[in-house]
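Readers should treat all values here as calculations from the given coordinates under stated rules, not as data from a laboratory. Quick caveat, the model's predicted, so the values are computed rather than measured. Here Cβ is always computed from backbone atoms with ideal geometry, including for glycine, and neighbour counts include all displayed protein chains.
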């Protein structure tokens with residue numbers, strides 16, 4: 001089974017794997033940290049009438065940060081869907097800001113963005129994210 005020389009190697013490997021966080025925990029933590037930052041910034045600006053204009057660069061940066069996160073193999077497909085849905089929301093926001101209507105919140109593109117938000121939230125929960133939607 002094991003030679004007497006391999007036992008210390010096996011024990012060391014098990015001990016090291018128990019010490020650090022798993023790749024999945026790191027992935028979830030990294031994504032949640034990005035989303036928590038955006039939520040904090042958005043929460044500070046929610047009463048601002050120009051919140052959408054001011055948040056656009058923040059959400060673009062967050063999207064870039066999410067794109068830089070390496071998902072574990074088992075989560076790659078789901079995370080790719082999450083990032084894609086978020087990019088669609090950002091694209092709708094950009095279009096609404098580029099071609100504004102009197103009330104951006106009544107813009108049909110924002111209704112589509114709300115539907116994408118629901119989809120994004122569902123995927124985020126399936127991935128185990130607490131602060132992302």
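Each Cα pair under 8 Å and six or more residues apart adds its sequence gap; the mean of these over the residue count of region 21-127 is a relative contact order of 28 percent.
This ranking places 125, 89, 24 by how few other beta-carbon atoms lie within 10 Å of each, fewest first, which gives 125, 24, 89.
Fully extending the segment from residue 56 to residue 121 would add 21.5 nm, taking 0.36 nm per residue of separation and subtracting the current Cα-Cα distance.
Fewest-first ordering of 22, 133 by other beta carbons within 10 Å of each residue's beta carbon gives 22, 133. Using the Cβ-Cβ distance between residue 80 and residue 130 with R0 set to 25 Å, the FRET efficiency from 1/(1 + (r/R0)^6) comes to roughly 0.80. Neighbour counts of C-beta atoms inside 10 Å place 121, 73 in the sequence 73, 121, starting with the fewest.
For the pair residue 111 and residue 94, label points projected 7 Å from Cα toward Cβ lie 2.4 nm apart.
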